[in-house]
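Beneath this line is the structure, given in structure tokens, with notes to follow.
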Amino acid sequence: MSRVPVTILTGFLGSGKTTLLNRILTEHHGRRIAVIENEFGEIGIDQGLVVNADEEVFEMSNGCICCTVRGDLIRVLDNLGKRRDKFDYVLVETTGLADPGPVAQTFFMDDDIAAEYAIDGIVTVVDAVHVDQQLGRSRETEEQIAFADVVVLNKTDLVNARRVDELEERIRSMNGLAAMHRSSFGSVAVDDLLDQRSFDLTVALDRRPTFLEPEYPFEWTGVYRLGPGTHTLCFDAGPDPTMGLAVLPLPAPSPEALETAAEACVRVFAEPVAPTDGGSVTVGAHFEVALDGTAETTVPLVIEDGSGEQLYGLFCEHLAEEYHPRLTAADGGEPLVPVAERAWVAAHEHDDSVSSVGIEADGDVDGGRLNDWLGDLLRDKGTDLFRMKGFLAVAGETDRVVFQGVHMLLDSQPDRPWGDDPRRNQLVFIGRDLDADELRAGFLACLV
């Protein structure tokens, strides 16, 4: 059976990815498309903005699809592989803060995924209005353009023709190989986006020589020989308040066995944090240990396998030199010396000043108070508000209101009727140096 083609749809926050996605889903192109969406933040909004279509939409929230959610992406693709009769194309829409390189890497690093799926191309949507300021402040925007096989220069109706020519020239100076399409409201022919067979691994390696070096959501592994029983794991205080970890069995302490286990551990780290049974850590699950900020933290590690001593890998979110992990066997004595250890290439760094604030509130908002609050917010924080989106229940309106904004531009449109659904407001703000408490208080003051 031939591999399923995959298009990665990327672009900075507010560039018009979802508008373009809706265009693809509503055109009669004969493809059955499974859509995988990723959002930045704890409240998922985008799935509600995708049109009702026959295609299936799978959403992954509260994570970056280019690092810690890689295991989640693999799991969704695995599940899709069991339903090959339902679709013949996959479209992955990344969060606007994603670097598409590691997303594409997923389709080469995991053998099962590589056997089932093939990247057709990377489509990057560029906001003609805001791209200049985004390129000056966001490394992700540069990476999205550099990795593109197809560039959609969107919102060209909002800038003059000379400016569009200048932007196209600048983009071509960054990536001269990508096909270029100008658009407004994502008006690009589907056949210019899908089934392009434009992704070239050689070109990807030229752009980033480390393309096939995987990034991981953990930074250090220690290999220990342990028998059944309750062992003791200790961490010193360090720069972070928690330590994510997983313990997995290993067949050998060899580099090859460690790399195989590391790929398995990517999936484990994508699982929800496991509840600890009496504070204990067990084998095969993702745990998060709260660290004492001033003294060492001790946690039991329970090995239930009764078949004698075996090798286990302790995969830790942070480097050993930061927290000095120590593992003492169940029968006591001095801390064990690892049989082997390895530091990994960690998931790439994001701008810590960029965050997402989600707000949910039942009831209606007063339209006048809301407009005044948003006006003040845009005046004071507009340049730092990358993206605003959500659904509103406005007093006196029978339809749900879709609310979207990019920097200083704000738009709202009536959506479907509320009907018998509870009137509830859901908003997400993404930006730099956001004050979550202030944003929530400001919105709640708009409620009737």
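The values are calculated or read from the model by the stated rules, or taken from the named source; none is laboratory data. Source: prediction; values computed, not measured. Heads up, the Cβs are rebuilt from the backbone with ideal geometry, glycines too, and the neighbour counts pull from every protein chain shown. To get the accessible areas, we keep the full protein, side chains included, count just its heavy atoms, and leave off ligands, DNA and RNA. Shrake-Rupley method; radii C 1.70, N 1.55, O 1.52, S 1.80 Å.
As a calculated quantity, the FRET efficiency between residue 3 and residue 399 at R0 = 51 Å, using C-beta atoms, amounts to about 0.75.
If I stretch the segment between residue 305 and residue 283 completely, what's the gain in nm (0.36 nm per residue apart, minus their alpha carbon distance), one decimal?
Contour length minus the Cα-Cα distance gives 7.0 nm.
Solvent-accessible surface of the chain, taken per residue with a 1.4 Å probe and all protein chains present: 44 Å².
Beta bridges per DSSP, both residues in the chain: antiparallel share near 65 percent. Full extension of the chain between residue 232 and residue 292 yields a length gain of 20.0 nm, computed as 0.36 nm times the residue separation minus the alpha carbon distance. Extension gain, residue 254 to residue 139: 0.36 nm times the residue separation minus the Cα-Cα distance gives 37.8 nm. Element breakdown for the chain at a 1.4 angstrom probe: carbon and sulfur atoms account for 48% of the accessible area. Show log10 I(q)/I(0) for the chain at q = 0.06, 0.07, 0.08, 0.09 Å⁻¹, two decimals, from a solvent-free Debye sum over equal Cα scatterers. So the normalised log intensities are -0.30, -0.41, -0.53, -0.67.
May I have the convex hull volume per residue, in Å³, for the Cα set of segment 158-224?
Values: hull volume 12.5 nm³, N = 67.
Hull volume over Cα atoms, normalised by residue count, gives 186 Å³.
Computing FRET efficiency as 1/(1 + (r/R0)^6) for residue 111 and residue 27, where r is the C-beta to C-beta distance and R0 is 45 Å, gives about 0.85. Exposure here means at most 10 other Cβ atoms within 10 Å; with trypsin sites (Lys or Arg not before Pro) in a DSSP loop as sites, the longest stretch of the chain lacking them is 84-448.
As an equivalent ellipsoid, segment 220-343 spans semi-axes of 20, 17, 15 angstrom, where each value is the square root of five times an eigenvalue of the C-alpha gyration tensor, largest first.
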